[in-house]
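Written out below as structure tokens is the structure these notes cover.
The values are calculated or read from the model by the stated rules, or taken from the named source; none is laboratory data. Bear in mind that the values here come from a model prediction, so they are computed numbers and not experimental data. All Cβ positions, even for glycine, are placed from backbone atoms using ideal geometry, and neighbour counts span all protein chains on display. We work out accessible area using only protein heavy atoms, side chains counted, and drop any ligands, DNA or RNA first. Shrake-Rupley method; radii C 1.70, N 1.55, O 1.52, S 1.80 Å.
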Amino acid sequence: VKQIDAIVSFCRHDDERPSVVLIDDDAMVLEATRTFLSRAGYRIVSVRSPFEATARIVEARPIAVFMDFRMPGLDGATIIQFLRKDPATRDLPVYLYSAADAETLREAVRTSGASGYIQKGDGPFHLLDRLERLTNPPLSP
């Protein structure tokens, strides 16, 4: 009975963690980022196919989305444009997470309506920082 209670407690805790959707066609990047953010206390929904992205985002109801900019068949900026047209996801924080250069990413943010960008070379701590600011906004003076 104690084991069952522990499992139920774990599942409830998992459901209470804020969810984050990661979209990247690179399995190694996706797994490393998922592991890092999971250990930081987030429930991660990993998506490798950009064609599954919008459905998985709507299903997960995340606090934020981080997606690769360059993916085969459908790029991150185009997915964001779709999300911005849907009232259910219009205001969702969606960030490009890419190895592209900063100038390219700034332009993609401007044209797609992304909330911002993080370069993969900066490491996953920048993702965690962004999530912490979303979940714990600073107090107004």
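Things to note:
- Inspection of region 111-126 finds no residue satisfying the criterion of being modelled with pLDDT of 90 or more and either under 24 Å from Glu16 (Cα atoms) or basic (Lys, Arg) (or both).
- Subset of region 40-55 [part of a loop (DSSP other than H, G, I, E, B) and open to solvent by less than 50 Å² (accessible area, probe 1.4 Å)]: Ala40, Gly41, Tyr42, Ser49
- A count restricted to region 84-127 and to residues that are hydrophobic (A, V, I, L, M, F, W, C), within 14 Å of the chain's Cα centre (by Cα) and crowded, with 18+ Cβ neighbours inside 10 Å stands at 6.
Each row is one residue, and each column tells you yes or no for (1) closer than 22 Å to Ala60 by Cα; (2) assigned to a loop (DSSP other than H, G, I, E, B).
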| site | (1), (2) |
| --- | --- |
| Ile80 | yes, no |
| Leu92 | yes, yes |
| Leu96 | yes, no |
| Thr104 | no, no |
| Ala108 | no, no |
| Thr111 | no, no |
| Gly121 | no, no |
| Asp129 | yes, no |
| Arg133 | yes, no |
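- Which listed residue is of a type in the set (A, V, I, L, M, F, W, C) and modelled with pLDDT under 90, from Ala55, Ala77, Ala40, Ala27: Ala77
- Residue list for region 56-76, filter: open to solvent by less than 10 Å² (accessible area, probe 1.4 Å) and either part of a helix (DSSP H, G or I) or of a type in the set (Ser, Thr, Tyr) (or both): Ile57, Gly76
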